[in-house]
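Please treat every number below as a calculation from the coordinates, not as lab data. It should be emphasised that the depicted structure is a prediction, and the values quoted were computed from it without experimental measurement. Here Cβ is always computed from backbone atoms with ideal geometry, including for glycine, and neighbour counts include all displayed protein chains.
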Amino acid sequence: MVACVRCVLPMPPYFTAFSAFFRPFSKAFRRPWHPLGLLLVLALWLTTLGNVPLWRSFWALTDSHGLRTGLGLLAMGVIVFAATTVLLSLLVWPRWRKPVGVVLLMVAAANSYFMTAYGVVIDPTMMANTVQTDVREVRDLLSGSMLMVLLLGVVLPGVWWWRQPVQQWPAMRLLGRQLGLALLALVLMMVVIWASFQDLASTMRNHKSLRYMVNPFNTVYASGRLLVGQTTQARMSLQPIGEDAAMVSSGAAGAPPLIVLVVGETVRAANFGLAGYARDTTPELRQLQTSGELTYFSNVRSCGTNTQVSVPCMFSHLGREAQAKNDIPYENLLDVLQRAGMQVLWLDNQSGCKGVCDRLPNFGNVASTLNLKDPTLCPDGECFDEIMLRVLPERLTELEKSRPAGKAPVGTVVVLHQMGNHGPAYYKRTPADMKQYLPECRTNVLQDCPAQDIVNAYDNAVRYTDHFLGQTVRWLKTQKRPTAMLYVSDHGESLGEKGLYLHGMPYMMAPQEQTHVPMALWLSKSLKMQSGWEANCWQKQATDALTHDHYFHSVLSLAQVKTRWQQPELDMFSACKAKPALRG
Ligand SMILES: [Zn+2]
């Protein structure tokens with residue numbers, strides 16, 4: 001090995017002249033930085049290049065790019081720069097100057113990439129999703145353009161930042177100067193806000209998404225909210241609900257019922273055949289509907305716009321609004337079902353149950369498909385949803401064995417948590433021989449695909465969910481006990497409408513593509529008889545406005561469980577229990 005190239009090879013004369021020319025400059029650049037100077041360079045980078053999506057959105061708010069728009073942009077720029085300076089003055093201290101700078105560069109670059117690529121914004125629920133992600137989800141998001149953004153936005157400036165020498169100052173002097181700078185920046189920010197208040201306030205009010213686009217404050221705020229929420233929850237003990245839960249003694253007692261709850265993923269009603277979509281993406285469900293076995297609920301809204309919010313909310317008794325403000329850890333629907341004596345099984349083909357299945361007993365009541373190897377259903381290490389039906393019979397036998405001896409079975413509830421239409425790699429959700437609509441978008445960088453190819457890949461996945469639900473019903477029909485299946489998607493998806501992709505917009509500004517979800521119910525004849533309900537009474541709600549708020553209360557009825565925690569006004573089956581009018 002040659003340790004020093006220059007020691008061995010003679011340098012050509014032009015190289016010597018070249019280095020001699022640049023030596024004074026490089027010396028100037030190698031001179032240690034004034035600590036506040038370096039801090040302001042980082043603030044300037046984060047404000048400008050670290051916030052490109054914010055400035056692009058701000059510029060696109062109006063078509064008339066006159067002096068007023070320019071001044072507004074300038075005012076906003078000064079405010080963000082001043083606020084970033086305040087933040088850096090408080091965060092960047094000699095001991096951790098280097099890592100803090102690199103972390104902030106990473107935050108700005110990653111946020112900018114996802115905001116530009118998918119039109120998402122960074123709020124507390126998006127942060128919660130990020131924290132709970134898994135390897136499969138991260139792999140689905142990796143792309144060449146993402147690596148390029150990370151190289152230009154993190155690696156190059158990060159190496160530069162790491163290598164800069166900085167003047168060593170006594171601690172008190174640095175503290176005084178840095179806090180002084182923070183104060184100065186704060187005053188500057190106040191003055192500009194005061195001067196531009198009217199325009200700025202109305203812009204921020206009318207375009208709420210902008211406030212979640214300011215890097216790195218969106219991340220700082222979201223992490224803070226998440227941390228406070230989690231600490232508060234951790235400090236409180238779990239609150240029981242449904243302590244009085246018991247099975248309804250129906251007149252026609254029989255075999256214990258088996259209820260399958262399919263928690264769908266990212267399917268929006270707009271692309272669901274039964275919802276009137278131009279393409280028949282749900283032929284199998286349509287057949288069941290035509291034969292009068294299945295009811296489609298056409299007006300259902302989700303609780304959240306991402307899995308992290310929607311799934312716990314569906315199983316909670318609180319409902320969307322109360323759940324959004326709630327910091328108290330409550331038990332959920334599964335705890336109530338178990339308290340009534342039912343056995344509960346959670347099969348997961350996704351990134352976990354988001355805390356919902358935490359208290360199911362450890363007898364294989366929770367099973368993930370993550371490590372299953374099936375050449376047909378898990379060809380590339382990721383399993384198609386049908387894998388859950390493959391393992392279900394065996395799991396149910398195990399569950400049955402775990403029932404304490406002498407305890408009579410009262411019923412079973414199985415939750416199938418689908419991979420469904422999880423994006424952006426929709427094409428991965430359908431087996432090759434089931435692709436109906438071609439060509440498909442076969443990349444996770446959705447903007448690189450023609451709009452129709454994205455829709456094709458998405459619709460193929462909807463059609464596969466239809467097939468999965470059809471298979472589930474066919475299997476349930478083979479069971480010699482009363483059975484039911486309730487399917488509902490956790491949230492919808494944007495497929496490029498208004499420049500938005502994927503999901504996760506804050507609820508108050510979410511487009512309806514992200515909140516209008518499909519829901520379908522199938523009941524076996526024996527369950528209908530066992531329940532003693534009036535024929536098709538649930539169909540009265542088929543076009544009514546329903547939400548995930550109805551889920552907790554309606555599943556209790558479906559499972560024949562009663563508790564004082566059930567609210568009749570949120571029970572889809574209320575009409576079924578109405579006392580028949582007295583004959584006069
Ligand atoms: Zn989801």
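At a 10 angstrom cut-off on C-beta neighbours, averaged per residue, how do the peptides 373-382, 148-157 rank from highest to lowest?
Put in order of decreasing packing, that is 148-157, 373-382.
Taking the 0 to 90 degree range and rounding to the nearest ten, how far is the long axis of helix 35-47 tilted relative to the main principal axis of the chain, both from C-alpha atoms?
The angle comes out at about 50 degrees.
Assign one of three labels to the stretch 31-230, namely rounded, prolate or oblate, based on the Cα gyration tensor with a ≥ b ≥ c the square roots of its eigenvalues; rounded applies when a/c is under 1.5, prolate when it is not and a/b is larger than b/c, and oblate otherwise.
Oblate shape, in that a/c is at least 1.5 and b/c is the bigger or equal ratio.
Where the centroid of each part is defined by its Cα atoms, how far is the stretch 222-266 from the stretch 36-91 in Å?
Here the two parts' Cα centres lie 45 Å apart.
Summing +1 for each Lys or Arg and -1 for each Asp or Glu, what net charge is found among the other residues whose Cβ lies under 15 Å from the Cβ of SER89?
Value of the local net charge: +3.
When the distances between all Cα atoms of the chain are binned every 20 Å from zero, what whole-number percent does each bin get?
Calculated over all Cα pairs of the chain, the distribution is 18, 44, 27, 10, 2, 0 percent.
Using Cα centres only, tell me the gap between the stretch 291-354 and the stretch 387-452 in whole Å.
Answer, in whole Å: 17.
Which residue, chosen from LEU416, CYS313, LEU91, occupies the Cα position most advanced towards the positive end of the dipole of the chain, where the dipole is computed from +1 (Lys, Arg) and -1 (Asp, Glu) charges on Cβ about the Cα centre?
LEU91
Taking the Cβ-Cβ separation of THR478 and ASP244 as r and a Förster radius of 35 Å, what is the calculated FRET efficiency to the nearest 0.05?
0.50
Please compute the length gained on full extension between VAL159 and ASN206, using 0.36 nm multiplied by the number of residues separating them and subtracting their Cα-Cα distance.
Between VAL159 and ASN206, full extension yields 13.0 nm more.
Add +1 for every Lys or Arg and -1 for every Asp or Glu among the other residues with Cβ under 12 Å from the Cβ of GLU243, and state the total.
So the environment of GLU243 carries a net charge of -1.
Tell me whether the stretch 249-394 comes out rounded, prolate or oblate; compute the Cα gyration tensor, take square roots of the eigenvalues as a ≥ b ≥ c, and use a/c under 1.5 as the rounded threshold.
rounded
Of the chymotrypsin sites (Phe, Trp or Tyr not before Pro) in the stretch 325-410, which ones lie in a loop per DSSP and count no more than 14 other C-beta atoms within 10 Å?
PHE363
Give me the extension gain from TRP96 to GLN447: residue separation times 0.36 nm, minus the current Cα-Cα distance, reported in nm with one decimal.
That works out to 122.5 nm of additional length.
Using only Cα atoms, find the angle between the long axis of helix 67-91 and the longest principal axis of the chain, and express it within 0 to 90 degrees, rounded to the nearest 10.
It works out to around 90 degrees.
Let me check I've understood the local charge: for LEU285, count other residues with C-beta under 15 angstrom from its C-beta, Lys and Arg +1, Asp and Glu -1. What total comes out?
So the surrounding residues net to -1.
Given the C-alpha atoms of the stretch 246-571, compute the convex hull and give its volume per residue in Å³.
Each residue corresponds to 134 Å³ of Cα convex hull volume.
Restricting the count to DSSP beta bridges whose residues both fall in the chain, what percent are antiparallel, rounded to a multiple of 5? Can you show the working numbers first?
Details: 15 of 41 bridges.
Looking only at bridges with both residues in the chain, the antiparallel portion is about 35 percent.
Going through the cross-link list LYS325/LYS498; LYS477/LYS540; LYS208/LYS354; LYS528/LYS562, which pairs have a Cα-Cα distance over 19 Å in this structure?
From LYS325/LYS498; LYS477/LYS540; LYS208/LYS354; LYS528/LYS562, over 19 Å: LYS325/LYS498; LYS477/LYS540; LYS208/LYS354.
Just flag the trypsin sites (Lys or Arg not before Pro) in the stretch 473-557 sitting in loop per DSSP whose Cβ has no more than 12 other Cβ atoms within 10 Å.
Values: sites: ARG474, LYS477, LYS480, LYS498, LYS525, LYS528, LYS540; in loops: LYS480.
Sites meeting the loop and neighbour criteria: LYS480.
Label points 7 Å out from Cα along the Cβ direction at SER291 and GLN168: separation in nm?
A separation of 8.3 nm, rounded to one decimal place.
Excluding same-chain residues fewer than 8 positions from LYS435, which lysines have a Cα within less than 23 Å of its Cα?
Filter leaves LYS373.
Can you order the peptides 436-444, 104-112 by their average number of other Cβ atoms within 10 Å per residue, highest first?
104-112, 436-444
Obtain the nm distance between the two label points defined at ARG403 and ASP280 by a simple spin-label model: each point lies 7 Å from its Cα along the Cα-to-C-beta direction.
4.1 nm
Per the Kirkwood formula on distinct C-alpha pairs, the Rh of the stretch 313-362 is how many angstrom? Provide the component values of the computation, followed by the final result.
Values: mean 1/r = 0.0833 Å⁻¹.
Averaging 1/r across every pair of different Cα atoms and inverting gives 12.0 Å.
Quick check: the angle from helix 197-206's long axis to the longest principal axis of the chain, C-alpha only, nearest 10 degrees?
Once rounded, the angle reads 30 degrees.
Give the long-range amide H neighbours of ASN299: residues separated by 5 or more places, or on another chain, with amide H under 5 Å away, using H modelled in the peptide plane at 1.01 Å from N.
Distant-sequence amide H within range of ASN299: LEU546.
Be a star and scan the stretch 253-272 for residues whose amide nitrogen sits under 18 Å from the point 7 Å along the Cα-to-Cβ vector of THR543.
270
Roughly how many debye, to the nearest 20, is the charge dipole of the stretch 246-571 about its Cα centre, given +1 on each Lys and Arg Cβ, -1 on each Asp and Glu Cβ, and no other charges?
Dipole size: approximately 960 debye.
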